[in-house]
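Single-structure report; data block below.
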Amino acid sequence: MSNVILSSGIRQNLLALQQTSAQQSAVQQRLATGKRVNSAVDNPVNFFTSQALNNRADQLKGLLDGISNGIQTIQAASKGIDGITKLVNSLQSTIKQAQADAALNRPTVVGTGTTLASTAEAVATSKSLKDIALDKRIGLAGASGALAATPANAGHLGVNLTTAPELNIQITTGPAGTPTSTTNIGMTLTANTTMRDVVNAINKSGVATAFVDEKGLLNVKGTGSETLGVGFGTGATTADAVSASATGGANTAFGLQTTDRSAGVASSGITSAVRSNLIQQFNDLRDQIDALAKDSSFNGINLLGGDQLTVTFNEKTGRNRTSLNIQGTNLTAENIGIQRAGNTQLDGQINFQNDLDLDRGISSLTNALTSLRSLSSTLGSNLAVVQARQDFTKDMINTLKTGGDNLVLADTNEEGASLLALNTRAQLSQTALSLASQADQGVLRLFG
């Protein structure tokens, strides 16, 4: 079969029309897909670079779930600390309620005899035994013995201020012979120093309270339930007075016995019903600390139960992987120094009948709050890091996606304009082809 021979004009116009049609198809594909690079054939560099950028973006997107879970785990622990802090505040309130009720078992050293005041002195001065004792001076220079009170003279206890101008009051708490605390209250005596000054000095110390009762006897009461020892001592120097008070050398001059220092006075053992009722409330609140800490987990990880949280921030492996390891704390009431409450003096227990124990309990709760604030601060710092990395990862994903798209996406405005121009060119090519065909048809008219 012979080939049809086309004229040069028709062939040129047909070729132009074919090229235009191919270009139209390419532009239409770019408009349909929105991409100017649809395969490696179009642009291998851009195609594979875009593919790598989008793959990394997808990998980072997969890590966002883990980062989000990490944030929730930290927040769960933080909420747990907030709840435990409220419980510790309630424990403090419980102890303060106990402190508001006066302890009934405080040991009290009570004087004996008529050393500070006697009935004869009361008759002679027309004053109460209490006032006589409080107004009585401690001593005088060169005194060789006590002087009874008279209407014109308050009297004194017989301390020679020439040889023993220093007075020390030693107050101990705890077992006799091995006290847990020893407090020395020193005074330099003058001719005007009275028993009232001695009572005030003891009260200012904060370790005991002192008063003179209606019988004119000195009373020294402890602030806790431990055995209380009280010793008076005088001497030429402070050291001499302290040494003398350790044996109660001057106790008899103040109406006390030497055994009030050496053996001390034990607690009465009487318990306060109000304080006893608060013990169960305290222990219940304390138990809730452990329970709340155990319930502060998220997705199986509890940072208040000693678990470790690892949050991964990038898609790499080995040394190139970036992550944050957060080691949790085994948070329990015992671990933050909160002891159980009880009615007796036992190691590792707060004796609610003992004012000193209650003070120590308040101190331990204050320390517990400090520990909780420190832990909360650490979690807050870690949370800020994870949230910052979450925001960074989201921004990085957007950057990678945008960069990848910029390499392959088509400019629809440009492609639309190109398609319009190609359509116009195709129409012109068709018109030119028609004209070329008409030129060939002119030959037929010669045979008409």
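The values are calculated or read from the model by the stated rules, or taken from the named source; none is laboratory data. Since we're looking at a predicted model, the values are computed, not measured. Don't worry about glycine lacking a Cβ; one is built from the backbone with ideal geometry, like all the others, and counts go over all protein chains shown. Each accessible area value is taken on the protein alone, full model and side chains, heavy atoms only, with ligands, DNA and RNA left out. Shrake-Rupley method; radii C 1.70, N 1.55, O 1.52, S 1.80 Å.
The figures follow:
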item	result
Cα-based Rg of the stretch 96-168 normalised by 2.2 N^0.38 Å, two decimals	1.50
Probe 1.4 Å - accessible area at R340, Å² to nearest ten	90 Å²
Spacing of the two label points (7 Å from each Cα toward its C-beta) at Q12 and A291, in nm	9.8 nm
Label-point gap, in nm, between T150 and T162 - each point 7 angstrom along Cα→Cβ	2.1 nm
³J(HN,Hα), Karplus 6.51/-1.76/1.60, whole Hz, each residue of the stretch 370-386, x for Gly, Pro	5, 5, 5, 5, 5, 5, 5, 5, 5, 5, x, 5, 5, 5, 4, 5, 5
Equivalent-ellipsoid semi-axes of the stretch 192-283, from the Cα gyration tensor, Å, largest first	30, 15, 13
Cα pair count fraction exceeding 18 Å, expressed as % - the stretch 128-181	49 percent
Near-label residues of the stretch 71-111 by backbone N, under 17 Å of a point 7 Å along Cα→Cβ of S276	98-99, 101-106
Accessible area in the full protein assembly, largest first, 1.4 Å probe, for S144, S262	S144, S262
In Å², nearest 10: area of K79 left accessible to a 1.4 Å probe	140 Å²
Per-residue ³J(HN,Hα) for the stretch 302-319, Karplus 6.51 cos²θ - 1.76 cosθ + 1.60, θ = phi - 60°, Hz, x for Gly and Pro	10, 6, 9, x, x, 6, 10, 10, 10, 10, 8, 10, 9, 8, 7, 10, x, 5
The chain, helix-only ellipticity at 222 nm - DSSP H runs n ≥ 4, -39,500 (n - 2.57), divided by all residues, nearest 500	-17500 deg cm²/dmol
Structure-derived Rg and Dmax of the Cα atoms in Å: which label, when the choices are [x] 35.2, 118; [y] 48.7, 174; [z] 19.7, 57	[y]
T247-T188 FRET efficiency (beta carbon distance; Förster radius 22 Å; 0.05 resolution)	0.55
Mean separation of Cα contacts under 8 Å, 6 or more apart, over the residue count of the chain: relative contact order %	24 percent
Which listed pairs, of K130/K204; K96/K221; K294/K394; K96/K215; K35/K61, have C-alpha distances above 28 Å, in listed order	K294/K394; K96/K215
F47 accessible area, assembled protein chains, probe 1.4 Å, Å²	50 Å²
Label-point separation in nm, D135 to A100, each point 7 Å along Cα→Cβ	4.1 nm
